[in-house]
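The block underneath contains the structure these notes are about, expressed in structure tokens.
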Amino acid sequence: LGLRERLGLVDTTHPADRAKQMATASGIADRLVLTGHRSDVLAAMAAMDVVTACFRFAAVGRPAFEAMSVGRPVIVNPGHSGKSGAVRHGETGFVVSPSDHSGFADAIIRLASDAQLRKTMGDRGRERAREHFDGRKTIAKIQRIYDEVLGRLV
């Protein structure tokens, strides 16, 4: 263990164990499924009604883009920044402050109880993912940057 762990400054509990502890304390342990590594993430997300992505210390990234690409609304709490470049609040999902636990729950309940809102947000998310996060378009943008920079050097 490192110094931070030995001093108790870092929780060394494995995230799966912490999730099990929290689920037990909340009375939902019988409904918690921890799948471990999955190679079929997009198929799993496509089978969901709503995708949530919680990032305590980081910006929202790949899970939100993936969920939107399969037409699912996303609820995120984007860590310390409080912002999400991927999810548009009220349009492709909901962006909720990391400290607003009841707001996060309210967003889940709102989407869970409104199939039309899920569909509308999912469709908008899919469009946004295709427009802004498509791999081919990203490669083309990078190629244009390289062409521009290299063209200046020649």
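Keeping all protein chains in place and using 1.4 angstrom, which order do T13, T35 fall into by accessible surface area, from largest down?
Numbers: T13 55, T35 75 Å².
Most to least solvent-accessible, the answer reads T35, T13.
Taking only Cα atoms and a 10 Å spring cutoff, compute GNM fluctuations for the chain and point out the largest among I108, I142, I28.
Result: I28 has the largest fluctuation of those listed.
Given points 7 Å out from each Cα along the Cα-Cβ axis, report the V10 to M22 separation in nanometres with one decimal.
1.9
Could you work out how far helix 15-26 tilts from the main Cα principal axis of the chain, as a 0 to 90 degree angle to the nearest 10?
The helix 15-26 is inclined about 50 degrees to the chain.
Give the calculated FRET efficiency between E131 and H101 to the nearest 0.05, with a Förster radius of 22 Å applied to their Cβ-Cβ distance. Intermediate results must be reported in sequence, preceding the final value.
Details: r = 32 Å, r/R0 = 1.46.
The formula returns an efficiency of 0.10 here.
What order do V74, V41 take when sorted by accessible area (1.4 Å probe), most exposed first? Don't skip to the end; give the middle numbers.
Working: V74 0, V41 55 Å².
The most accessible residue leads, giving V41, V74.
Given H placed on each backbone N at 1.01 Å, which residues far from G93 in sequence or on other chains put an amide H within less than 5 Å of it?
Amide H neighbours of G93: V74, R88.
Can you give the FRET efficiency to the nearest 0.05 for A46 and K141, using r as the Cβ-Cβ distance and R₀ = 22 Å?
Details: r = 27 Å, r/R0 = 1.22.
Efficiency, from the Cβ-Cβ distance: 0.25.
The values are calculated or read from the model by the stated rules, or taken from the named source; none is laboratory data. In this text the structure is predicted, and so the values were computed from the model without any measurement. Note that each Cβ is placed from the backbone with ideal geometry, even for glycine, and that neighbours are counted across all protein chains shown. When the accessible area is computed, the model is the full protein with side chains, heavy atoms only, and any ligands, DNA or RNA have been set aside. Shrake-Rupley method; radii C 1.70, N 1.55, O 1.52, S 1.80 Å.
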